[in-house]
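One structure below.
The values are calculated or read from the model by the stated rules, or taken from the named source; none is laboratory data. Computed from a predicted structure; not experimentally measured. Neighbour counts are summed over all protein chains in view; Cβ atoms, including those assigned to glycine, are modelled from backbone coordinates with ideal geometry.
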Amino acid sequence: MQSTERLPASQRRQQILDVALELFAERGYSATSTRLLAQRLGVSEALIFRYFATKRDILLALISSPRLQDLEGEVARIAKDPSLDLEARWVSGIAALLRYLRRNQSYFRIIYDEAQRDRTVASAYLEQILARMGETMAGHFQGSINRGEYRHLNPGLLSLAVFGTVFNLVVVKDWLHIQDGQQLDEEQTARELASMFLHGIVSSNKQS
């Protein structure tokens with residue numbers, strides 16, 4: 001049971017979002033009612049509706065929360081680190097993305113699941129998470145293209161390929177609990193994926 005003390009509006013709104021995310025993770029979005037959320041918070045259901053007209057509005061607010069800022073800052077730091085060569089930047093960047101997705105697994109899983117059923121949620125997910133992350137990564141890739149580190153590629157497509165690969169790896173390994181006898185070691189996985197993207201999968205002695 002949460003405290004019923006009076007809170008400033010901004011703090012109360014954030015508290016509702018934080019507890020809603022906890023409940024969505026525990027019970028699933030569909031099985032969580034605003035009444036149950038109010039009970040967990042120790043407030044009236046009417047207070048919930050003072051901040052959010054519907055349960056969907058709570059989910060949409062979670063999508064629009066500034067959750068990507070930490071990852072964007074880490075990616076920017078890695079891209080500008082003069083001590084890292086090209087491959088080291090890739091390894092560090094992919095490792096950071098893996099850690100971020102695993103750390104925020106509940107958040108992404110809830111949104112990803114509901115995006116399959118609700119077009120409004122899907123559009124918000126696409127515009128406010130995927131597109132924003134894609135733009136951030138594409139900007140760094142374009143800088144590498146301009147410096148001659150990469151051949152001329154579509155930076156937007158490259159960013160989607162990288163994000164999609166890492167995202168789906170986390171889905172398969174962590175969300176679906178598919179085990180193949182190996183644990184997902186973040187650093188080793190990052191090194192192998194970086195090598196695949198930078199050097200391909202064909203053995204050098206098989207290339208013409």
query: Quick one: in the stretch 80-92, which of the residues that are free of Cβ contacts under 8 Å to residues at least 40 places away in the same chain and surrounded by 15 or more Cβ atoms within 10 Å (Cβ to Cβ) is farthest from the chain's Cα centre (by Cα)?
result: 84
query: Just checking, how many residues over the stretch 25-39 are surrounded by 13 or more Cβ atoms within 10 Å (Cβ to Cβ) and modelled with pLDDT of 95 or more?
result: 7
